[in-house]
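Only one structure is covered here, and it is reproduced in the block below.
No lab work stands behind these numbers, since they all come straight from the coordinates. The shown structure was predicted, so the numbers you read here are calculated from the model rather than taken from an experiment. Reconstructed Cβ throughout: ideal geometry from the backbone, glycine too, with neighbour counts over all protein chains shown.
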């Protein structure tokens, strides 16, 4: 029996998640067509069992708000699963061409690099509000990293001649290289710096 490959092109058998905190939250069970039709919806924590590439496709479809500039992340957001599917497949194709390596491996490593370990909450004490650093839950680390990646890609392709596929490929590659040119890495460092200051 032949091995299942992602998009019928890339093998995930040799890919390992190196961050021990994220091992149970990055699922690498390959699918030729990563689309479950949200059968996991309303089941708590179940999205962590969904193939990680499908979660990226879902985020490309609905990247979420970025401050009050939601229009920047909604240009390609038509809700069409097939559009998001093609954007991700083409982005992986670009990464493979540039890096000469398995793009799924690069994406998983980029996700580990971009997953913030701490974040800030606001607590109210005696009528005054103070920022407080808290540890970030593993599932939320993945959610936030995916959101920052897709929003960063949409932000770069907004009002520019650059295609969203190229911007997404660039964002993933920069996160893989731990470069500050990646929106996800820049945001992670900024949040962790603020958390460090508010201990």
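Summary table below
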read-out	value
Separation in nanometres of the label points that stand 7 Å from Cα toward Cβ, at residue 190 and residue 33	3.9 nm
Rough spin-label spacing in nm, given labels placed 7 Å along Cα→Cβ, for residue 82 and residue 122	4.5 nm
Helix 103-114 axis, angle to the chain major axis (alpha carbon atoms, nearest 10°)	0 degrees
The chain, relative contact order [Cα under 8 Å, separation at least 6], %	21 percent
Length gained when the stretch residue 177-residue 44 is fully extended (0.36 nm per residue, less Cα-Cα span)	44.6 nm
GNM result for the chain, Cα springs below 10 Å: residue of 158, 45, 107 fluctuating most strongly	45
Degrees, to the nearest 10: 81-99 long Cα axis against longest axis of the chain	80 degrees
Using distinct alpha-carbon pairs, which all enter the 1/r mean, Kirkwood radius of the chain in Å	17.6 Å
Helix-derived mean residue ellipticity, 222 nm - over the chain, DSSP H n ≥ 4, -39500 (n - 2.57), to 500	-14500 deg cm²/dmol
In degrees, nearest ten, helix 164-176 long axis to first principal axis of the chain (Cα)	70 degrees
Whole-Å distance, taken between Cα centres, linking region 101-144 and region 145-199	13 Å
Listed residues 117, 141, 129, most fluctuating in the chain (Gaussian network, C-alpha, under 10 Å)	129
Choice from 98, 116, 151 with maximal GNM fluctuation in the chain (Cα, 10 Å cutoff)	98
